[in-house]
4 protein chains.
Amino acid sequence: MAGYNHLFIPGPTNVPERVRMAMNVPMQDMRAPDFGDLTIPLFEKVKQVFRNETGRVFLYPSSGTGAWEAAIQNTLSPGDKVLMSRFGQFSHLWVDMARRLGLDVDVIDRPWGEGVPVEAYAERLRADRAREYAAVFVTHNETATGVTSDVGAVRKALDETDHPALLMVDGVSSVGSIPFDQEGWRVDCCVSGSQKGFMLPAGLGILSISKWALDAHKRAGFPRTFFSFEDMMAHNDNGYFPYTPATQLLRGLDVSCDILLEEGLETVWARHHRLASGVRAAIDAWGLKLCAAEEKWQSDTVSAVVVPEEVDARDVIARAYTAYDTSLGTGLSKVMGKVFRIGHLGWLNEGMVNTALAVAEMAMIDSGIAIEPGSGVGAAIDHFTRTPAGKIAEAA
Amino acid sequence: MAGYNHLFIPGPTNVPERVRMAMNVPMQDMRAPDFGDLTIPLFEKVKQVFRNETGRVFLYPSSGTGAWEAAIQNTLSPGDKVLMSRFGQFSHLWVDMARRLGLDVDVIDRPWGEGVPVEAYAERLRADRAREYAAVFVTHNETATGVTSDVGAVRKALDETDHPALLMVDGVSSVGSIPFDQEGWRVDCCVSGSQKGFMLPAGLGILSISKWALDAHKRAGFPRTFFSFEDMMAHNDNGYFPYTPATQLLRGLDVSCDILLEEGLETVWARHHRLASGVRAAIDAWGLKLCAAEEKWQSDTVSAVVVPEEVDARDVIARAYTAYDTSLGTGLSKVMGKVFRIGHLGWLNEGMVNTALAVAEMAMIDSGIAIEPGSGVGAAIDHFTRTPAGKIAEAA
Amino acid sequence: MAGYNHLFIPGPTNVPERVRMAMNVPMQDMRAPDFGDLTIPLFEKVKQVFRNETGRVFLYPSSGTGAWEAAIQNTLSPGDKVLMSRFGQFSHLWVDMARRLGLDVDVIDRPWGEGVPVEAYAERLRADRAREYAAVFVTHNETATGVTSDVGAVRKALDETDHPALLMVDGVSSVGSIPFDQEGWRVDCCVSGSQKGFMLPAGLGILSISKWALDAHKRAGFPRTFFSFEDMMAHNDNGYFPYTPATQLLRGLDVSCDILLEEGLETVWARHHRLASGVRAAIDAWGLKLCAAEEKWQSDTVSAVVVPEEVDARDVIARAYTAYDTSLGTGLSKVMGKVFRIGHLGWLNEGMVNTALAVAEMAMIDSGIAIEPGSGVGAAIDHFTRTPAGKIAEAA
Amino acid sequence: MAGYNHLFIPGPTNVPERVRMAMNVPMQDMRAPDFGDLTIPLFEKVKQVFRNETGRVFLYPSSGTGAWEAAIQNTLSPGDKVLMSRFGQFSHLWVDMARRLGLDVDVIDRPWGEGVPVEAYAERLRADRAREYAAVFVTHNETATGVTSDVGAVRKALDETDHPALLMVDGVSSVGSIPFDQEGWRVDCCVSGSQKGFMLPAGLGILSISKWALDAHKRAGFPRTFFSFEDMMAHNDNGYFPYTPATQLLRGLDVSCDILLEEGLETVWARHHRLASGVRAAIDAWGLKLCAAEEKWQSDTVSAVVVPEEVDARDVIARAYTAYDTSLGTGLSKVMGKVFRIGHLGWLNEGMVNTALAVAEMAMIDSGIAIEPGSGVGAAIDHFTRTPAGKIAEAA
C-alpha cells in the first residue's frame, strides 16, 4: 500500500528520527568499562522527565505492565490492603494484577469516562484510622477512555489525613506528555513505558520511585528476582544491570530524553494541550462526544470519540486502516465498538493531528456517519491558527 | 521541532520504508563476482517502469541534470539543430544547457502555465523538408508550473511527417507516476532521476533510451567520458560499471522498482490521478487558481497554486516550514512569490495529501489569505470518499 | 576510535545486516487486524528453532532472566522440591532465583569448569521413590565457563526411573547455535533470550514449553501476572499480546529465524563446531587451557580461556577494549581475573574468529603473556584450511 | 552466508556507524531556508580535510571520475597541452579521459609499480620555455598498484622553473588517509570521491580547487553544464545547489568530516601508516612482493600483493569471497591475475587489518600458495604490539 502508515494510537507513538537513528546501532558489551558513560547520565535524564529529584529510576527490559508488577513486588507485601479505583481498561487491569498478586484491594468503581474519585479517596483515608492502607493507587491517565485524573489532589488527601500510604501512579500515558511532578506530588512509585511519551519502541518498563519507596522496599515481603530493586541497585550504581539490558532502547531513550529536555517539559506539555484542544474542537464540530465525562477529565494525550449508537466504531477503525493506512485506537472491553481513540501524544505536530482528523472524517463518512467533510479539520485549523503556539500558559 | 517534517515538494519525494531499510547497508564490492545478480535484473526492472522494451537504460551517479547532459552528449553533435519549447524553469534550463553545449536550438516560447505547443511543433516539422532537426525536445512534466504535455502527440507529429529527428523527453517528474509509454511513443531518450517517482534520495540520473538512440550514438560527435554510453555499455553488459556506482542507491532502486511493479504501473498512475484530483478540488474550494493554464495541462504530480496578488507566496511557504514543519515547493524564477507548489507524487496516500492541504490552509490563513478553515481539506475528503480508489479507469 | 568495534562476548552477539534492516522500522499498531500475519507464523518459526513440535513458545519483552522466572512461576508452586546443579555463574544465579522464589532446591555443587553431574542426578532420581522432585534443572550451556552439559542424558535418567519431574533447561547460550532437540529430549521448559543464538538485541525472553508443561501450569501455585502463561495464551492464539509487545524485536526475530532456518539448523550447528574448533586450536597453540575441565564439556558457543596465574585476565580484556576496540567476555564471580571469554556464537564466520584470536594475541602480549605472535591465529587458519566447511558430520 | 562481509577493497571503504546513522534519514527540501545551515559549514569542513585554506570545494553528485572531468572542463580548453604520466590503471584512465576530451597530452609511461617520474617532469618543464604546458597531472595514489607519488616534489619542479601550469592531482585514494597539503603544495585541482578516505557510500565527486584554478576557470574553453563551476558557485555561495544534491550523502559527509577532524588529520595519517606497515610486515613474512617497485612508493592506503607466477590471483580473490565472505581488490588490466589488493584505508583498526591478513592467508593456502599459517598475521601482530599507536611521528 502506498504512502506512510499514519499512527495515531495512544502508544506506541511515532519515533522521532533522531531516536530512530540512535537505535540503528550494532550491539555493544553491556559490561564494557565505559558502559556507565551512557547509563549513569541517562538515569539522571529520566529522573528529570519525571521531575524526580530525590529518588531513583529503574529501567526494566519489559513493558509498563512489568513496571506495574515491579512497583507492587518491591514496595508491598502479600495481604497488604490498598485503595484503588476502576474506570477504564487499564485501571481495571491494575486492580486485577494487584488481586492476583495477593493484595487486599479496596476498589472503588466509577463509570468509564470518569476519573479517580478524589472525594471518595479522601473519605476512606479519613476513615482509615488504623492506617491499614499500605498504598493508594492512581491511574493518572486512563488510556482506554482518555481521562486524566488529579494526582495532586490525591496527594493532598493523603497529606490532610497525614496518611503514610504509598502513592502509586500509573503514568504510562502521561509522563513526558502532560504535567507530572513526582517531587511536588510526592509520588512514591510512578510507572511508565518506553512507547508513549518517551517516543520509543515498546520494550522498556520505566519505574521512577521516591526515597520513601526505597524505605518501604526494605519491608516489602513479595518474592522477586527479575524485577528486584536490590539486584538493580547493586548494579545500577556503577552503571550496569543485573542481566543484559536492552541497550538499543537505552541508546534511544538517551536521545528521546534529550529531545524532551531540549524542548523543555513545559513546552512539551503546552504543545500537547494545544494539539489536544484542536482534536477536541474537531470532535465538537463533528457533533460527537468524548468518552471523558467532564471537561476536567479530558486527556491531552488521547481522545476516545463516541460514535453514534447505530455505528460500530470498529468499522471506522478498520476502514481507516485498510483504506487509508491509518491506525486509530480501538475501544477496549466495555467500550469496544462504542469508541475509537485518537492518540495525540509524543512526537506530534499540527500537520499530524490534521492527518488524523482528516482520515477519521473519511473513515466515518465511509462508515455511514453523517459528517460534513472538512468540518473537524476546519475546526482544528481554526483553533491552531487563532491560538499562538508554544505558550507555556496554555498548559496551566 | 516536534513531529515529522512533512515533505510535499515535487522531489525529493518521500522514501518508502522498504526502500529506506534496503539502503541501510554496509558497503560492498562493486567488482564482486555476484554483483551482476543485483544489477542485471535491475536494469530490466527500470526498463519496465519506462515501458522500454527494446532499448536500454543507464544509471549514472548524478542527477536528472546529468542525465539531460548524457542524452545530448551521446546522441547529438555540436551544431546540430534541435527543436525545443520553453514554458517553465525546467524547460528553460534544458534549452540553456543545449545552447551552452553548442546545439543550434530553435526554441518556441510559450507563457508559463502552458505546455509543449504540439501544433507549432507539427508545423515546423512539416516545414523542415531538409530534415535539419536532429532532435525534438519535450518536457513531459514541467515541474515548475505543474504542466503535463502530450508526448504522444509530438510522436504523432513526427510520424505524420515521417521525420527522423530523435524524440528527447524530460520525464524527471513524470516517469513512475503518470502514464509514460516509451515503446508506444517511441521516445528515444527519456531522462529521469532517482528522487521523484522512483522515491529515492537524489543521486542517480536515470536515462532510458531506444535502439534508435543507440544508432544515433554511433554518429554523435560530442566528446564524453563520465556520461559515455560506450563506457557504460562495455561494463553494464556484465553487470558492472566503468567507475564506482552508487551501490546504496542501486539497492534502493531495486526495491522501489519492485514497489512500483507490485502495485502495478496502471494502479500507480490511477492513484496519482485520484490524489491530484483531491488536491485540485481543494484549490478550487479555496477559490484559487492553478498555474496550469488549461485543464488538459494539469499535472497529476505537482500543482502550482497561484496566490492572491497582494500576498507573497514565499511567506506562505516560509510559514508552513517554520510553524508547521512542512516543506512546500517554492515558485521558481518568473513565478517566484506568485505560486507555491504542492508535490503529490511518489509514496503518497490520502492521509498525506490531507496533511499537505491542511498545512497549506493554515499557512495561507496565517499569511492573511481569506480561506475558510477546512474548505480545501473538506473538498478533498469529499472527493476521496465519493470516488472509489484503485480504479485503473481513473487514469485513462 | 577508528574502525568497527569487534564484539566477541557471549551475547549480545553480532546482529546480521538483514535483521538490522528489518528493525529499522517505524512503530506499528499491535492491535491492527493484520498483526497476526506477523506473529502467528513467527511463533511457528521460533518453535522450529527449538525443535519444539507439540508445545508452544512465549515471547516476553524481558530477558533470559525473565524467562527463567516465567518458567518457574508458571509450572511450579512455592515449596516444590527441585533438583539443580551449580558450576558457574549462571547456574548459580538460577539456583539463587529458585530459592528466592521459594522453591526447595536440592543443589549439587560441582567445580566451575564441570557440567551437569548426570550420574549424581540419576542417583538422586532413583532414590526419589516418593517422586518429590517436581522438576530437574539443567544449564545446557554455562556461559560463564564455556561448558556444555548433556541434556539428553538427563532425560535418559528421568526416563530410566520413569520420573515425572519436569525437565527445565537454560538454553540461553545454546539454542540456535548448538544441537538442541526439545522434542527428542522432551524438554518441558527451555529458556532463551534474543541476544545470543537468535542474533538480536537484548530485550526478548524466549520460553519454549512442552505440552506437559502446559499440564503442570494448571496446577502451578505461584502468583503471576506479567509472565503469566494464561494471559499470554489468551492473546497469542489470535496473534496478539496481553500488553504492548516489543514489535521491533519481533520483526527482527522473524528475520533471524528465517536466517537460521534457511542456513539449516544442522549447518548452523556444524558451523559453530568448526569455528569453535579453530578457537580451541588457537588456545592450545598458545599453551593455555580452557576453563572447561574435560573435552566433553567444551562449549561450541563460548570459550573461557584461563590466563597464567601471574596475569589478571581483566587487564587483557581492558587492553583489547581500549587499544583494539574489541570486546572480550570478562570472567564472572569465582573466575574473575582468571579467565577471559571469547564468544563464538551467532552471526559468525572464519574471518571474525580470526579477528578475535588476533586481538586476543595482541592484548595478551601487551599484558605480558608470552605468546608467539600468530601462533593462535595460525593454528586456527591451519584448522580452517584443512577442514572442509559445512559438513554436517562435524557437529555429530 | 553467516557473518559479516569483510570489505578490504580500496574503496568503497567501511562506513563508520555514526555516518551510517546520519544517513538513515528521510528526505528533506534542498531549497528550505535553513539548508545552508548544513552546507555552508560543510564546505569549510571539507576544505579542512584537503588543507585547502584559500580556495573552495565542489560537491558533485557523481564519482571521482566525474570530478576528474569537472576539473578538466572547468580549468582548461580543448587543445591545451598537458603533462601526464601513466603507471597504473587509474593514471591510464585519466590520460584516456584527457585525450578523449581533446587535450594534447604529453604522456610519460613508466612501468606499473613505479610512480610519477618527478625528474622527467622537471626536465620537461625546464625544456618548456614557451610555457606550453597548461597543466601538469599527478596521480597521488595509484590505486591499482598501491603506489604513492610525491606531489610536493612536482610542485617544487614547477616552482623551480617558475612554471605557471596548473597542478592537477588525483587524490581519490589519498585525501583523508595520507598526508595531503593542498595549500602547502599549491595544488590547483584535487579530485576525490566519497567512497575512500571520506568513508561514505559512492555517489559524490569531491573537487577542491585553489584560487588560481578559479582564475584559470575564467579562460577555460570547454563547454560544461552539469559540472560547471559557475553554476555551482552561483548557488553554493548561499548554501544551495544548481540541481538537487545528494542530501543523504551530504549529511553523511558532514559526520565523516567531523570524525576525521576530531581524530585529527595527523593522527589519521599516523594510523594509516601504522596499519599499512603491519600489512607490509605480513607480506614480507609470506615471502611475497608488493607491486610497488620501491619502498618510497609504497602506499599507506592500498597494497597490491604479487602472487607466485604459477597462481592466478583471481583464484585467491574468488576463494576469499566465496569461502570467507571477504572482498579483496582484484588486479586491474595489466596486473590482472598477477596481484590481489588489500585496501587498508578509511575506518580501520588493527583488528580489521588482521582479519584481512588472516583471510588472505586462508585464501592463498586454499589456492595452493605455500604460506606458513599465521606467519603474516604474526608479523603484523608483532609490529602492532611493538610499535606504539597514535604517534604522529610515524607518519612523518
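Take A:Gly331 and decide whether it is touching a Ser or Thr at 6+ places or on another chain (Cβ under 7 Å) and crowded, with 24+ Cβ neighbours inside 10 Å.
On the way: touching a Ser or Thr at 6+ places or on another chain (Cβ under 7 Å): no; crowded, with 24+ Cβ neighbours inside 10 Å: yes.
It is false that A:Gly331 is touching a Ser or Thr at 6+ places or on another chain (Cβ under 7 Å) and crowded, with 24+ Cβ neighbours inside 10 Å.
Being under 27 Å from D:Arg341 (Cβ atoms) and free of Cβ contacts under 8 Å to residues at least 60 places away in the same chain is the filter here; which residues of region D:112-135 pass it?
Going residue by residue through region D:112-135, those that are under 27 Å from D:Arg341 (Cβ atoms) are D:112-118, D:120-121.
Residues satisfying the conditions are D:Val116, D:Pro117, D:Val118, D:Ala120, D:Tyr121.
If you take the residues of region C:212-233 that are of a type in the set (A, V, I, L, M, F, W, C) and more than 23 Å from C:Arg251 (Cβ to Cβ), which of them is surrounded by the most Cβ atoms within 10 Å (Cβ to Cβ)?
That would be C:Ala213.
Name the single residue, out of those in region B:291-325 being within 17 Å of B:Val116 (Cα to Cα) and acidic (Asp, Glu), that is nearest to the other protein chains (Cβ to nearest Cβ).
Residue satisfying both the conditions and the ranking: B:Asp300.
Can B:Val49 be described as in contact with a Phe, Trp or Tyr (Cβ under 8 Å, 6 or more places away or on another chain), in a helix (DSSP H, G or I), away from chain A (no Cβ under 14 Å) and not charged (D, E, K, R)? Steps first, answer last, please.
Values: in contact with a Phe, Trp or Tyr (Cβ under 8 Å, 6 or more places away or on another chain): yes; in a helix (DSSP H, G or I): yes; away from chain A (no Cβ under 14 Å): yes; not charged (D, E, K, R): yes.
Yes; evaluated as a whole, the condition is true for this residue.
Out of curiosity, is D:Leu7 hydrophobic (A, V, I, L, M, F, W, C) and within 30 Å of B:Ala144 (Cβ to Cβ)? It would help to see each step written out before you state the result.
Numbers: hydrophobic (A, V, I, L, M, F, W, C): yes; within 30 Å of B:Ala144 (Cβ to Cβ): no.
In short, no.
Does region D:134-142 include one or more residues that are part of a loop (DSSP other than H, G, I, E, B), away from every other protein chain (no Cβ under 14 Å) and at pLDDT 95 or above?
yes
Kindly check whether there is at least one residue in region D:209-223 that is closer than 27 Å to D:Ile9 by Cβ and touching a helix residue (DSSP H, G or I) at 6+ places or on another chain (Cβ under 9 Å).
There is no residue in region D:209-223 that is closer than 27 Å to D:Ile9 by Cβ and touching a helix residue (DSSP H, G or I) at 6+ places or on another chain (Cβ under 9 Å).
Consider C:Gly36 carefully, then state whether it is in contact with a Gly (Cβ under 9 Å, 6 or more places away or on another chain), in contact (Cβ under 8 Å) with a residue 60 or more places away in the chain, at the interface with chain D (Cβ under 10 Å from one of its Cβ atoms) and surrounded by fewer than 21 Cβ atoms within 10 Å (Cβ to Cβ).
In short, no.
Within region D:201-227, how many residues are within 13 Å of another protein chain (Cβ to nearest Cβ) and either among the basic types (Lys, Arg) or not in a loop (DSSP other than H, G, I, E, B) (or both)?
5
Can you name the condition, by its number, that C:Gly374 falls short on among (1) closer than 23 Å to C:Val306 by Cβ; (2) buried (at least 24 other Cβ atoms within 10 Å of the Cβ); (3) touching a Leu at 6+ places or on another chain (Cβ under 9 Å); (4) within 11 Å of another protein chain (Cβ to nearest Cβ)?
(3)
Among the residues in region A:141-153, are any charged (D, E, K, R) and surrounded by fewer than 24 Cβ atoms within 10 Å (Cβ to Cβ)?
Yes, region A:141-153 contains a residue that is charged (D, E, K, R) and surrounded by fewer than 24 Cβ atoms within 10 Å (Cβ to Cβ).
For region D:360-371, enumerate the residues that are of a type outside the set (Val, Ile, Thr) and either facing chain C (nearest Cβ under 7 Å) or in contact with a Lys or Arg (Cβ under 7 Å, 6 or more places away or on another chain) (or both).
Step one: of region D:360-371, the residues of a type outside the set (Val, Ile, Thr) are D:360-364, D:366-368, D:370.
Result: D:Glu361, D:Met362, D:Ala363, D:Asp366, D:Ser367.
Counting only residues that are in contact (Cβ under 8 Å) with a residue 40 or more places away in the chain and either outside any helix (DSSP H, G or I) or outside the structural domain of C:Gly152 (by TED's automatic domain parsing) (or both), which one in region C:22-33 is nearest to C:His344 (Cα to Cα)?
My answer is C:Val25.
Residues that are touching a residue at least 12 places away in the same chain (Cβ under 8 Å), in contact with a Phe, Trp or Tyr (Cβ under 8 Å, 6 or more places away or on another chain) and assigned by TED's automatic domain parsing to the domain that holds B:Val377: does region B:281-289 have at least one?
Within region B:281-289 (the criterion being touching a residue at least 12 places away in the same chain (Cβ under 8 Å), in contact with a Phe, Trp or Tyr (Cβ under 8 Å, 6 or more places away or on another chain) and assigned by TED's automatic domain parsing to the domain that holds B:Val377), the answer is no, since none of the residues qualifies.
Could you please let me know if A:Leu101 is within 22 Å of the chain's Cα centre (by Cα), surrounded by fewer than 23 Cβ atoms within 10 Å (Cβ to Cβ) and within 13 Å of chain C (Cβ to nearest Cβ)?
Numbers: within 22 Å of the chain's Cα centre (by Cα): no; surrounded by fewer than 23 Cβ atoms within 10 Å (Cβ to Cβ): yes; within 13 Å of chain C (Cβ to nearest Cβ): yes.
For A:Leu101, the condition - within 22 Å of the chain's Cα centre (by Cα), surrounded by fewer than 23 Cβ atoms within 10 Å (Cβ to Cβ) and within 13 Å of chain C (Cβ to nearest Cβ) - is not met.
For D:Trp286, work out the one condition from (1) among the aromatic types (Phe, Trp, Tyr); (2) over 30 Å from B:Gly11 (Cβ atoms); (3) within 23 Å of the chain's Cα centre (by Cα) it doesn't fulfil.
It is condition (3) that D:Trp286 fails.
Per-residue answers, yes or no, for (1) in a loop (DSSP other than H, G, I, E, B); (2) surrounded by fewer than 24 Cβ atoms within 10 Å (Cβ to Cβ):
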{"residue": "A:Thr65", "(1), (2)": "no, no"}
{"residue": "A:Ser77", "(1), (2)": "yes, yes"}
{"residue": "A:His92", "(1), (2)": "no, yes"}
{"residue": "A:Met97", "(1), (2)": "no, yes"}
{"residue": "A:Ala122", "(1), (2)": "no, yes"}
{"residue": "A:Lys156", "(1), (2)": "no, yes"}
{"residue": "A:His163", "(1), (2)": "yes, yes"}
{"residue": "A:Pro179", "(1), (2)": "yes, yes"}
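Every residue in region C:3-21 that is surrounded by 20 or more Cβ atoms within 10 Å (Cβ to Cβ), within 14 Å of chain D (Cβ to nearest Cβ), of a type outside the set (Phe, Trp, Tyr) and not in a strand (DSSP E or B), please.
C:Gly3, C:Thr13, C:Asn14, C:Val15, C:Pro16, C:Val19, C:Arg20, C:Met21
With the structure loaded, tell me whether A:Thr65 is in contact (Cβ under 8 Å) with a residue 24 or more places away in the chain, within 7 Å of another protein chain (Cβ to nearest Cβ) and polar (S, T, N, Q) or whether it fails that test.
Numbers: in contact (Cβ under 8 Å) with a residue 24 or more places away in the chain: yes; within 7 Å of another protein chain (Cβ to nearest Cβ): yes; polar (S, T, N, Q): yes.
The answer is yes for A:Thr65.
When region D:337-359 is examined, which residues are found to be more than 7 Å from chain C (Cβ to nearest Cβ) and in contact with a helix residue (DSSP H, G or I) (Cβ under 7 Å, 6 or more places away or on another chain)?
If the condition is that a residue be more than 7 Å from chain C (Cβ to nearest Cβ) and in contact with a helix residue (DSSP H, G or I) (Cβ under 7 Å, 6 or more places away or on another chain), then D:Gly337, D:Lys338, D:Val339, D:Phe340, D:Ile342, D:His344, D:Leu345, D:Val353, D:Leu357 are the ones that fit.
What single numbered condition from (1) at the interface with another protein chain (Cβ under 7 Å from one of its Cβ atoms); (2) more than 30 Å from A:Ile259 (Cα to Cα) fails to hold for A:Asp109?
It is condition (1) that A:Asp109 fails.
Within region C:52-62, which residues are polar (S, T, N, Q) and within 14 Å of chain A (Cβ to nearest Cβ)? Spell out how you get there, then give the answer.
Filtering region C:52-62 down to residues polar (S, T, N, Q) leaves C:52, C:54, C:62.
Once the filter is applied, which keeps residues that are polar (S, T, N, Q) and within 14 Å of chain A (Cβ to nearest Cβ), region C:52-62 yields only C:Ser62.
Take B:Ala313 and decide whether it is in contact (Cβ under 8 Å) with a residue 40 or more places away in the chain and either in contact with a Phe, Trp or Tyr (Cβ under 6 Å, 6 or more places away or on another chain) or surrounded by 22 or more Cβ atoms within 10 Å (Cβ to Cβ) (or both).
No.
The values are calculated or read from the model by the stated rules, or taken from the named source; none is laboratory data. All values reported here derive from a predicted model rather than from experimental measurement. Quick reminder, even Gly has a Cβ in these numbers, built from the backbone with ideal geometry, and neighbours come from all protein chains shown.
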